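Presented below is the structure to which this report refers.
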Amino acid sequence: LRSPQSKPKHWCSPRNSATRNHLYNPRPVNPARRHDLIALAILALLASAFFADVLAGVSNFYMRDLTRYYYPAKQILREIVQGGEFPFWNRSFGGGQPLAANPEHEVFYPLTWLVLLPSYDLGYRLLILIHIYIGLFGMYAMLRSMEIRPSAAFVGALSFGLGGLYLSYINLLPILFCAAWLPLTCLYVRRFLITPTKRAFALASLFLGLQFLVGEPTTVMQTGLLIGMYALYRGWYDARELGEGSRIASMLVRVFWIAMISVAAMMVGAVQFFSALDHVGDSARSRPFEFSLVSAWSLPWAKYAELMYPNFLGHISINRVMVYWGGGLYPGMGSPFLFNIYCGLLITSLAIASAFVRPRGGRLVLLLVILSSLLALGAHTPLLKILYDAGIATSIRYPEKFIMIAVFAMIVFATQMLDRLMDGDRELRDAVLGFVLATTLVAIVIGIAGFTPLFGKTFSKIWGVSGAGAKRMIHLAHFGWLIAAARGLILFALIWSVGRIKRPIWIVALVAFICLDVGPVVHQINPRMPRSFFVVPPALNAKFPANRNDYRIFHESDWYGQEEIAKKYFSTGDAVYWIVRNGMYPMTPAGQHIRTVLERDYDKTALLPTIDLIDSVWDVKRSGRTDWWQPFVTMSNAWYRVVYKPFDEEKKRVKGNMKRADPVQLLEVEHSPRYYFADQLVTIVDRNDFVGKLRANSYSSRVAFVYTPSFVPASGNVRGVRETANYASILVESNGRGYLVMSITPHKYWRVTIDGRPVQPRVTNIAYQGIEIPPGKHHVEMRYRNDVIVKSSFASCAGTLALLLVAILPVRRRR
């Protein structure tokens with residue numbers, strides 16, 4: 001990898017050869033190795049500088065799913081493991097749901113175990129931050145393996161690891177964890193396709209296997225498309241250059257090896273892959289989503305302008321307030337799925353300018369960009385609807401995430417062009433200068449127009465904004481165009497000066513430009529909250545009774561996002577996320593050991609009985625029954641309904657400081673137990689029959705709806721209950737043929753026994769379980785153990801160990 005201009009240098013230079021041979025035994029120091037170490041050190045330093053506050057624990061990330069889902073969900077995992085159990089089952093959500101089998105929790109991904117550190121907050125922060133370093137270092141290593149010089153590889157790694165696309169994944173942890181290993185997967189896949197060795201095969205499989213262990217399906221799918229397309233490209237050109245015979249045969253051979261790598265990787269990730277497949281069949285994903293949900297967050301055409309102007313559609317966060325005028329491009333969402341796809345003006349300029357010099361590999365990159373765009377554009381092209389109607393794309397949401405292939409390929413290709421530019425390619429330099437000049441002139445013209453009233457009127461008409469908020473947006477947009485003009489002029493000067501000033505000075509100037517270019521984007525798409533945000537005040541915590549394992553809450557207010565009162569609370573500027581925290585919106589109560597039920601299925605992974613029960617709740621509510629909530633909270637062991645407080649009264653109480661507002665109140669309802677004897681059995685045919693009976697009739701609080709023939713149940717008592725994550729022990733006494741209702745979500749891996757004898761639980765109240773109890777005192781036990789996880793874990797361990805041995809064992813080399 002050493003550049004031809006550099007010669008091996010010695011770390012010392014004694015005066016005579018005898019002294020040199022006798023005392024020093026010199027070994028040449030590879031300048032490229034030294035440059036690599038310097039580049040990696042600077043990458044680490046820059047990442048640490050950009051996220052110094054998070055590293056130090058002064059603040060933490062909070063945007064979107066981080067606050068509502070991932071932070072409390074990882075706490076659940078930690079508590080179960082520290083309690084001495086394997087996290088098969090999660091009792092905190094929806095009456096109980098599978099935990100390990102759900103890839104949203106990344107239970108089998110080794111780095112997830114950082115949350116088990118003595119300080120949960122430290123482990124959680126490190127879990128996120130370490131993937132930024134992995135992305136930076138992995139991309140640098142991959143680019144260097146392509147014989148790109150250190151300085152160019154450094155720029156490429158910086159544009160990827162600190163670029164808008166990759167850092168948009170910070171609030172989407174499964175995608176972040178999966179994408180972090182993409183460069184290293186591509187590195188060893190490429191190395192194996194060029195020079196097949198056992199070690200390259202093993203390392204490619206291991207890194208791809210880590211992505212399978214994370215289990216984020218769309219990122220794994222994109223990785224497969226990327227390496228598969230590269231294998232076809234490699235086979236096509238190798239057949240011509242190496243004389244391997246038929247191009248088709250050469251391509252098929254390489255695709256075969258990609259399939260073998262994928263099989264080996266699947267073996268590594270078998271424990272997550274097969275358990276996730278098994279879980280999908282039992283969850284909401286087994287049913288087709290409506291096309292409106294599948295197509296939500298389709299990439300709008302205008303977002304491509306972000307590749308040149310990072311704030312073309314608005315700002316994700318300015319002082320923790322979103323100022324995003326492009327929200328109308330995302331109907332029903334109001335904001336993008338991927339906060340930004342900007343990876344630097346230099347990268348975009350190099351990638352587009354390469355079309356004028358037609359380098360090798362350009363066609364492959366073009367094909368990847370087209371394929372990625374067709375998938376990411378979603379409903380903006382006919383393709384998604386065709387795939388949906390064919391039953392192929394009925395359970396994959398948010399097409400915008402598929403733009404990763406295009407951006408990744410563009411960064412790699414642009415880095416190769418940068419290396420070529422630094423070698424003095426005048427044709428490429430002129431093309432880059434032309435593109436940069438064109439984008440800069442556009443920014444200058446619009447920036448000048450921003451000083452006239454015409455700019456504001458045109459802006460308001462294009463983006464459909466008005467009122468006081470529009471004035472701020474117009475000002476920010478104008479300022480953004482002025483910044484874009486300045487950015488373009490600086491980059492133009494840098495490109496023009498290639499070869500005209502000393503290379504070290506030019507490289508330092510380029511790195512400084514890249515940092516100033518992507519730095520503001522880093523902070524806009526990843527704002528932070530102070531550490532105090534993640535500590536619930538004692539007053540809020542004290543609202544809930546201490547015996548938290550005995551009951552659940554129905555967070556009803558979380559369902560009313562479109563109601564007027566919700567819009568008021570969530571239009572409070574920088575206080576919005578304090579409203580989320582203070583209102584303990586799902587799933588945040590889990591962090592305080594409070595169990596929720598009848599909540600929204602955020603990730604669409606809830607078990608089907610839970611989905612059916614939630615649908616039944618709103619069917620009964622829409623029927624007009626005034627106490628629609630009563631039968632559901634009773635059968636679900638919910639002791640409290642959480643509803644909104646009047647907004648104006650709360651605002652007055654906190655004197656306008658909505659960060660201190662307590663937006664919800666608890667309405668206490670009947671304290672129904674989790675395990676109880678039914679006093680009435682009602683047979684139902686299906687869910688519609690269940691809803692119809694609740695609409696038309698009133699029942700006792702201990703009624704049980706079953707699909708089997710009913711009988712008159714005897715009375716009984718629950719004398720004691722002991723629960724852990726995967727186990728429940730219930731002591732009961734029945735006065736006859738009784739029926740014990742267990743408000744735990746049914747699933748095929750629950751095993752129930754009465755006095756040690758297995759019994760088959762029945763689905764009860766649509767989403768829970770029940771068993772017949774004979775007369776007398778009995779000991780009922782419930783155990784949850786996912787057999788697919790247990791069996792596939794052996795395959796994962798064996799596959800990982802075998803590949804590690806192949807990768808680590810020394811290779812016998814020829815002299």
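The values are calculated or read from the model by the stated rules, or taken from the named source; none is laboratory data. Quick caveat: nothing in here was measured; it's all calculated off a predicted structure. Positions of Cβ are backbone-derived with ideal geometry, glycine not excepted, and every protein chain shown enters the neighbour counts. Surface areas here come from the heavy atoms of the whole protein model, side chains and all, with no ligands, DNA or RNA. Shrake-Rupley method; radii C 1.70, N 1.55, O 1.52, S 1.80 Å.
Results, tabulated for the structure shown:
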read-out	value
Subset of region 648-659 [under 30 Å from the mean Cα position of the chain (by Cα) and basic (Lys, Arg)]	659
Where residue 38 falls short, out of the listed (1) farther than 30 Å from residue 548 by Cβ; (2) surrounded by fewer than 20 Cβ atoms within 10 Å (Cβ to Cβ); (3) at pLDDT 95 or above	(3)
Subset of region 495-519 that is among the aliphatic types (A, V, I, L, M) and not in a helix (DSSP H, G or I) - its residue that is nearest to residue 315 (Cα to Cα)	498
Number of the exception - residue 287 against (1) open to solvent by 20 Å² or more (accessible area, probe 1.4 Å); (2) among the charged types (D, E, K, R); (3) closer than 19 Å to residue 402 by Cα	(3)
Condition met for residue 127 (touching a strand residue (DSSP E or B) at 6+ places or on another chain (Cβ under 9 Å), open to solvent by less than 40 Å² (accessible area, probe 1.4 Å), of a type in the set (A, V, I, L, M) and not in a loop (DSSP other than H, G, I, E, B))	no
From the options 706, 691, 682, 721, residue that is β-branched (Val, Ile, Thr) and farther than 17 Å from residue 743 by Cβ	691
Candidates 289, 312, 256, filtered to the one that is among the aromatic types (Phe, Trp, Tyr) and within 22 Å of the chain's Cα centre (by Cα)	289
Where a residue in region 145-165 is among the polar types (S, T, N, Q) and its partner, wherever it lies, is open to solvent by 10 Å² or more (accessible area, probe 1.4 Å) and not in a helix (DSSP H, G or I), with Cβ under 9 Å and at least six apart	145/1
Among residues of region 347-401, those that are open to solvent by 30 Å² or more (accessible area, probe 1.4 Å), over 20 Å from residue 229 (Cβ atoms), assigned to a loop (DSSP other than H, G, I, E, B) and aliphatic (A, V, I, L, M), counted	1
Residue match in region 743-763 (condition: open to solvent by less than 10 Å² (accessible area, probe 1.4 Å), in contact with a helix residue (DSSP H, G or I) (Cβ under 8 Å, 6 or more places away or on another chain) and among the β-branched types (Val, Ile, Thr))	yes
Selection from region 159-169 of residues that are closer than 15 Å to residue 350 by Cα and not aromatic (Phe, Trp, Tyr)	159
Residue list for region 418-446, restricted to those being more than 35 Å from the chain's Cα centre (by Cα) and surrounded by 21 or more Cβ atoms within 10 Å (Cβ to Cβ)	421, 428, 431
Qualifying positions in region 321-337 - more than 21 Å from residue 521 (Cα to Cα) and either open to solvent by less than 20 Å² (accessible area, probe 1.4 Å) or assigned to a helix (DSSP H, G or I) (or both)	328
Count - residues of region 638-669 that are surrounded by 22 or more Cβ atoms within 10 Å (Cβ to Cβ) and part of a loop (DSSP other than H, G, I, E, B)	1
Residue count for region 101-124, restricted to those that are under 15 Å from the mean Cα position of the chain (by Cα) and not in a helix (DSSP H, G or I)	4
Condition check for residue 672: in a loop (DSSP other than H, G, I, E, B) and buried (at least 16 other Cβ atoms within 10 Å of the Cβ)	yes
Selection count where residues are assigned to a strand (DSSP E or B) and either open to solvent by 30 Å² or more (accessible area, probe 1.4 Å) or farther than 20 Å from residue 719 by Cα (or both), scope region 764-775	3
Within region 688-732, considering residues that are surrounded by fewer than 16 Cβ atoms within 10 Å (Cβ to Cβ) and of a type in the set (D, E, K, R), the one modelled with the lowest pLDDT	695
Condition met for residue 271 (in contact (Cβ under 8 Å) with a residue 24 or more places away in the chain and under 22 Å from the mean Cα position of the chain (by Cα))	yes
Residue that is farthest from residue 594 (Cα to Cα), among those in region 546-562 that are in a helix (DSSP H, G or I) and within 25 Å of the chain's Cα centre (by Cα)	559
Within region 573-602, tally of residues that are surrounded by fewer than 19 Cβ atoms within 10 Å (Cβ to Cβ) and more than 19 Å from residue 539 (Cα to Cα)	6
Candidates 258, 248, 316, filtered to the one that is open to solvent by less than 50 Å² (accessible area, probe 1.4 Å), assigned to a helix (DSSP H, G or I) and among the β-branched types (Val, Ile, Thr)	258
Evaluation of residue 152 against (1) assigned to a loop (DSSP other than H, G, I, E, B); (2) more than 22 Å from residue 589 (Cα to Cα); (3) at pLDDT below 95 (one fails), failing number	(1)
Which numbered condition residue 810 misses (of (1) surrounded by 14 or more Cβ atoms within 10 Å (Cβ to Cβ); (2) assigned to a loop (DSSP other than H, G, I, E, B))	(1)
Failed criterion for residue 619 (all others in (1) charged (D, E, K, R); (2) more than 26 Å from residue 288 (Cα to Cα); (3) crowded, with 17+ Cβ neighbours inside 10 Å hold)	(2)
Flag if residue 106 is open to solvent by 40 Å² or more (accessible area, probe 1.4 Å) and either closer than 19 Å to residue 584 by Cα or touching a residue at least 24 places away in the same chain (Cβ under 8 Å) (or both)	no
Of all residues in region 292-303 being within 22 Å of the chain's Cα centre (by Cα) and part of a helix (DSSP H, G or I), the one that is nearest to residue 410 (Cα to Cα)	303
Enumeration of residues in region 190-219 that are surrounded by fewer than 21 Cβ atoms within 10 Å (Cβ to Cβ) and under 22 Å from residue 277 (Cβ atoms)	217, 218
